[in-house]
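Enquirer: For reference, the structure I am asking about is given below.
The values are calculated or read from the model by the stated rules, or taken from the named source; none is laboratory data. Keep in mind the model is a prediction, meaning the values are calculated, not measured. For neighbour counting, all protein chains shown are included, and Cβ atoms are generated from backbone atoms with ideal geometry for every residue, glycine included. Note: accessible area is taken over every heavy atom of the protein model, side chains too, but ligands, DNA and RNA are not part of it. Shrake-Rupley method; radii C 1.70, N 1.55, O 1.52, S 1.80 Å.
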Amino acid sequence: MTTTINIQQKVQVVNEDLSKLVVDLKNANGFNPGFKDSFDANEVPVHTRNRLTKYGIDLSKGYPERPGNIPHFLDEGYAIRDTPNPNYVERGKNADPEKKALFAAVKEIRQLTPQVGTELVGIQLEKLNEKQLDELALLIAERVVVVIRNQDLSPQKQLAIGKYYGEVEVHPLVAHVPGYPGITTVWSKFNRGGPLISYQKGIHNGWHQDMDHERSPAGITHLHLDSVPEVGGDTGFASGYAAYDKLSKTLQEFLEKRTALHRSAHSYLKRDNVLAAPEPIVREHPLVITHPATGWKSLFVNRAHTFKIVGLEDSESAVLLEYLFSVYERNLDVQTRVTWQPTEPGLGTSVLWDNRISQHIAIPDYNDSKGKLRHANRVTSLSTPLKFDPESKSQREALGLDK
């Protein structure tokens with residue numbers, strides 16, 4: 001017997017089956033929303049737990065918390081903060097150059113190196129008024145990074161200071177303090193998926209800038225360690241001002257006319273082809289910028305995210321970028337190393353830096369499986385789109401260091 005198949009009916013059946021198909025898209029970075037990836041409160045480092053509970057943070061659902069609506073698609077990533085903040089104020093621009101209000105509250109000022117890094121002794125960030133915060137912003141702009149130890153600082157006040165300095169970056173993927181998007185968690189056990197327990201072999205290429213894929217990149221960043229290892233866990237910083245001043249006049253002038261492409265650390269799916277490889281957000285910035293508060297030129301590039309100089313062949317770009325990366329990474333006189341110790345029991349250390357004029361690197365030389373564990377909360381204040389002023393001066397020119 002011969003069976004006749006109605007092709008039209010068969011297509012209809014297939015279409016009906018496909019209409020019932022549900023596609024469960026996973027975030028390209030493997031993150032789950034809310035508390036699905038969180039740890040129980042008793043697994044949080046004791047000094048961190050004490051600080052958070054002291055200031056009313058609810059840890060009953062776990063710690064930390066990821067954003068509830070994690071974006072999947074590249075166009076969603078680009079849409080995040082795609083418009084510059086019209087209310088942004090460069091707080092250090094009109095501050096007292098002598099910083100009299102800030103320094104009057106300080107017991108001691110320690111310079112970490114001649115050009116990079118300052119430690120302020122004897123002040124509490126919780127108690128600074130707006131005039132003092134403006135002067136602190138100018139000090140950060142001049143010295144790149146400022147260290148303040150022995151801080152009894154609430155997460156809420158850390159967030160408030162961040163909001164004063166600009167729009168706080170609420171990361172679409174990274175975990176935060178429960179109930180407080182914008183206070184991100186920096187904790188090896190959570191961020192790495194396990195503790196840091198062994199010496200790191202090979203070359204550690206960890207120098208980077210934060211959020212340089214944003215249309216308005218990170219300005220002042222405030223990292224507060226409330227649980228500090230007994231030894232190790234330092235952070236290195238390098239000055240973009242000093243890196244620029246390392247270059248020949250000819251190379252400076254060439255770079256001042258160029259831009260480069262920066263990509264995000266995370267990738268997203270393409271809406272029109274979810275099976276294709278995820279792609280990062282990419283934005284273009286000047287290779288040399290002028291800081292709005294100091295008026296000094298700074299080299300804006302980093303190994304982790306900068307991948308192409310616009311207008312050059314790929315091979316040309318790769319050679320030049322490798323040299324610029326090495327200027328930051330191999331010149332110790334443009335760097336400083338911040339130790340988070342000592343801090344009195346029950347208190348923390350705050351470090352504030354300007355991402356526009358610096359790179360930093362976490363030094364993975366500590367055992368994070370025992371003893372006093374390393375945990376931090378970060379608040380990042382976004383700036384405005386970066387610009388280069390051809391009339392601006394380098395740091396050495398402005399300070400008369402070559403005379």
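Enquirer: So what J values fall out for the stretch 235-248 if you push phi through Karplus, 6.51 cos²θ - 1.76 cosθ + 1.60 with θ = phi - 60°, rounded to Hz, Gly and Pro as x?
Expert: 10, x, 10, 10, 8, x, 4, 5, 5, 4, 5, 6, 7, 5
Enquirer: How many angstrom separate the Cα center of the stretch 89-107 from the Cα center of the stretch 282-296?
Expert: 23
Enquirer: Taking a virtual spin label 7 Å from the Cα of Thr83 along the C-beta vector, which residues in the stretch 166-182 bring their backbone nitrogen under 16 Å of it?
Expert: Within reach of a label on Thr83: 167.
Enquirer: Could you work out the relative contact order of the stretch 69-399? I mean the mean sequence separation of Cα pairs under 8 Å and 6+ apart, divided by the number of residues, in percent.
Expert: 31 percent.
Enquirer: Using a 1.4 Å probe, what is the accessible area per residue for the chain, in Å²?
Expert: 48
Enquirer: Which distance in nm do the two modelled labels at Asp75 and Glu316 give, with both placed 7 Å along the Cα-to-Cβ direction?
Expert: Placing both labels 7 Å along Cα→Cβ, they lie 3.5 nm apart.
Enquirer: Which distance in nm do the two modelled labels at Asp333 and Lys249 give, with both placed 7 Å along the Cα-to-Cβ direction?
Expert: A separation of 1.9 nm, rounded to one decimal place.
Enquirer: HN-Hα J couplings of the stretch 265-272 from phi, Karplus 6.51/-1.76/1.60, θ = phi - 60°, integer Hz, Gly and Pro as x?
Expert: Along the stretch 265-272, the couplings run 6, 10, 10, 9, 6, 7, 4, 8 Hz.
Enquirer: For Ser60 and Arg192, what does the FRET efficiency come to when R0 = 22 Å and r is the distance between their Cβ atoms, rounded to the nearest 0.05?
Expert: The value I calculate is 0.30.
Enquirer: Also, quick follow-up: How much of the accessible area of the stretch 69-399, in percent, comes from carbon and sulfur atoms when a 1.4 Å probe is used? List each step's numbers first, then the result.
Expert: On the way: 7220 of 14100 Å².
Answer for the stretch 69-399: carbon and sulfur cover 51 percent of the accessible area.
Enquirer: Going 7 Å from the Cα of Glu230 along its beta-carbon direction, which residues of the stretch 311-352 have the amide nitrogen within less than 17 Å of the resulting point?
Expert: Correct set: 340-346.
Enquirer: With label points built 7 Å along Cα→Cβ from the Cα atoms of Ala398 and Gln156, find their separation and express it in nm.
Expert: Those two pseudo-labels are separated by 3.7 nm.
Enquirer: Counting only residues 5 or more places away or on other chains, whose amide H sits under 5 Å from the amide H of Ser394 once H atoms are built in the peptide plane?
Expert: Here Lys297 satisfy the definition.
Enquirer: Once amide H atoms are placed 1.01 Å from N in the peptide plane, what residues at a sequence separation of 5 or more from Gly233, or on another chain, have their amide H within under 5 Å of its amide H?
Expert: For Gly233, the qualifying residues are Asp365, Tyr366.
Enquirer: Same structure again: Between Glu284 and Gln341, what is 0.36 nm times their sequence separation minus the Cα-Cα distance? Round to one decimal in nm.
Expert: 16.7 nm
Enquirer: Moving on. Ordered by packing density, taken as the mean number of other Cβ atoms within 10 Å over each peptide's residues, highest first, how do 225-236, 30-41, 103-114 rank?
Expert: 225-236, 30-41, 103-114
Enquirer: All other residues with a Cβ under 14 Å from the Cβ of Pro280 taken together, and with Lys, Arg as +1 and Asp, Glu as -1, what is their net charge? Walk me through the numbers on the way to the answer.
Expert: Details: positive: Arg263, Lys270, Arg283, Lys308; negative: Asp75, Glu76, Asp212, Glu214, Glu279, Glu284.
After counting each charged neighbour, the total is -2.
Enquirer: For the stretch 91-108, take each phi angle, set θ = phi - 60°, evaluate the Karplus expression 6.51 cos²θ - 1.76 cosθ + 1.60, and give the result in whole Hz per residue in order, putting x for glycine and proline.
Expert: Those phi angles translate into 4, x, 5, 10, 6, 4, x, 8, 6, 5, 5, 5, 5, 5, 8, 9, 7, 7 Hz.
Enquirer: Estimate the FRET efficiency between Ser326 and Glu391 by the formula 1/(1 + (r/R0)^6), using the beta-carbon distance for r and 25 Å for R0, to the nearest 0.05. Please report the intermediate quantities before stating the final value.
Expert: Values: r = 29 Å, r/R0 = 1.16.
Step by step, r from the Cβ atoms, then E = 0.30.
Enquirer: Find how much the distance from Ala277 to Glu126 grows on full extension, using 0.36 nm per residue of separation minus their present alpha carbon separation; answer in nm with one decimal.
Expert: The Ala277-Glu126 span can extend by a further 49.8 nm.
Enquirer: Treating only the Cβ of Lys, Arg, Asp and Glu as charged (+1, +1, -1, -1), what charge dipole size does the chain show about its Cα centre? Round to the nearest 20 debye.
Expert: 500
Enquirer: Give the whole-number value, in cubic angstrom per residue, of the convex hull volume spanned by the C-alpha atoms of the chain. Show your work: numbers first, answer last.
Expert: Numbers: hull volume 83.3 nm³, N = 403.
Here the figure is 207 Å³ per residue.
Enquirer: Can I ask one more? If packing is taken as the mean number of other Cβ atoms within 10 Å per residue, what is the order of 121-133, 358-370, highest first?
Expert: Packing proxy ranking, top to bottom: 358-370, 121-133.
Enquirer: In addition: Can you order the peptides 301-314, 207-220 by their average number of other Cβ atoms within 10 Å per residue, highest first?
Expert: Working: 301-314: 17.4, 207-220: 22.2.
Order by mean packing, descending: 207-220, 301-314.
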